[in-house]
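Here's the structure we're looking at; comments come further down.
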Amino acid sequence: MDLYQSLLKPILFKGLKVDPEWAHHQTLELLHWIDTHKSNLPLSWLESQLQPRFSLVDPRLQQTLWGLNFINPVGLAAGFDKDGVAAGLWGSFGFGCTELGTVTLHPQPGNPRPRLFRLLEDEAVLNRMGFNNQGAATLANRLQNYTPSTLAPTIPLGINLGKSKITPLEEAASDYLGSFQLLRDLGDYFVVNVSSPNTPGLRSLQASTELNQILTVLQQENIAPSKPLLVKIAPDLEWEAIDDIIKLARTHNLAGIIATNTTISRDHLKTQWLPQTGNPITSEAGGISGAPLRERSTAVIRHIWEQTNGEIPIIGVGGIFTADDAWEKITAGASLLQVYTGWVYEGPLMVRRLLTGLLHKLEDHGLNHISQAIGLANSHPH
């Protein structure tokens, strides 16, 4: 039985109407405590119990990308563990990789609260956190002192880099570079986040001249042994702007593209106003994640796959709740997936459910390995 779905979620979401940010913070505090005390006997026992309950290991789901071994394609998206406080535990929850951050060069408190809202009718979250984090130096310090668990599998660790709010847009490249220099030896792959709607002007950095400058500076620093560098894009871009980013990805030899970040679109939402503020949803700032993003992020994945003939790996994120959602993203062209909002709604057993469902899909389609499903639904053969 799934205690989260039957007991915890109704209490947290509807009964107590707990503030989502407070609940998130408490969860991370608990996980951080477990992560830092896990060598103590009862806690190592607890962690050893998590592993078989939440994980599913099957060679058909394993892939090697960028020289990194992913035990399965389902990762935890950036934004959940911004400061890496539970970095060593995510493998115990069955994830195949985790992405820390978004981290900025300068520590920053983010936007005023309340800034995180659940749109229950839409299975969505509205967030305008504004890259609240303790800064790149603090994250570097935490990861340097970090001892991986002997129980949890060591999974690839991504680090998502953003621009500090106090840094002028024209100095963005040096801001990203500063964070990368502090963290480059500590992450397995890095993501340039120019697509959050919650830092003023940030999305303008997706324009090819600005993004070109950032990628040039980072790749000049990113010398052997180089780290895989990806860019995370918004779902609200026009197709031509996405094509420009694909060109830059090729020019700068990027490892991949993450599609997509949250959306500023308010179309087709059932939630018309926010009870916490009393304002109509259309007048509330922030990005929407979860189910309303599902179709658009899949369309962006398909577009990138078709424009590149599947040559640039894509991490698909946006509205993944079920194995059907996961399969749709993979067959549209995603090599890896990331979840966040779906995990909050579905609970910690979700990853195992997704992986079980993906194995059934492989069997149904007569496939032997997850890599054979990538881009399968698209018009021309890979």
For region 102-241, the accessible surface attributable to carbon and sulfur atoms (probe 1.4 angstrom, ligands and nucleic acids excluded) amounts in percent to 53
In whole percent, the Cα-Cα distances of region 27-87 spread across 10 Å bins from 0 upward as 18, 37, 38, 6
Row for region 262-382, column shape: gyration tensor on C-alpha, a ≥ b ≥ c, rounded if a/c < 1.5 i.e. under 1.5, prolate if a/b over b/c, else oblate; value oblate
Which residues qualify? For T102, with a placed amide H closer than 5 Å and at least 5 residues away or on another chain, they are G79
Straight-line reach check, K14, cutoff 29 Å on alpha carbons, 8 or more apart in-chain or any other chain, hits among lysines -> K82, K270
DSSP beta bridges in the chain: the antiparallel percent, rounded to 5, is 35
Rounded to whole Å², per residue accessible area for the chain with a 1.4 Å probe reads 42
The answer for L274, listing residues at least 5 apart or on another chain whose modeled amide H is closer than 5 Å to its amide H, is N279, I281
Over all directions, the chain yields a Cα convex hull whose mean projected area in nm² is 18.0
Within the under-12-Å Cβ sphere about L254, not counting L254, Lys/Arg +1 and Asp/Glu -1 give a net charge of +3
Long-range amide H partners of I258, meaning residues 5 or more apart or on another chain whose placed amide H is closer than 5 Å, are V231, K232, I233, I315
Any aspartates and glutamates whose Cα falls less than 17 Å from that of K9, other than same-chain ones fewer than 8 residues away, would be D19, E21, E121, D122, E123, E346
Neighbours of L61 by Cβ distance under 12 Å: Lys/Arg at +1, Asp/Glu at -1, summed charge +2
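Rounded to the nearest 0.05, what FRET efficiency do T138 and W239 give with R0 = 45 Å and r taken as the Cβ-Cβ distance? Could you check? Please list the in-between numbers first.
Values: r = 39 Å, r/R0 = 0.87.
In this case the efficiency is close to 0.70.
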Given 187-199, 47-59, the highest-first ranking by average Cβ count within 10 Å works out to 187-199, 47-59
Scoring the chain by relative contact order with C-alpha pairs under 8 Å, at least six apart, yields a percentage of 16
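The values are calculated or read from the model by the stated rules, or taken from the named source; none is laboratory data. Note that the coordinates shown come from a computational prediction; the quantities given were computed from them, not determined experimentally. Every residue, glycine among them, receives a Cβ derived from its backbone with ideal geometry; neighbour counts consider all protein chains shown. The protein model used for the area step is the full one, side chains on, heavy atoms only, and it has no ligands, DNA or RNA in it. Shrake-Rupley method; radii C 1.70, N 1.55, O 1.52, S 1.80 Å.
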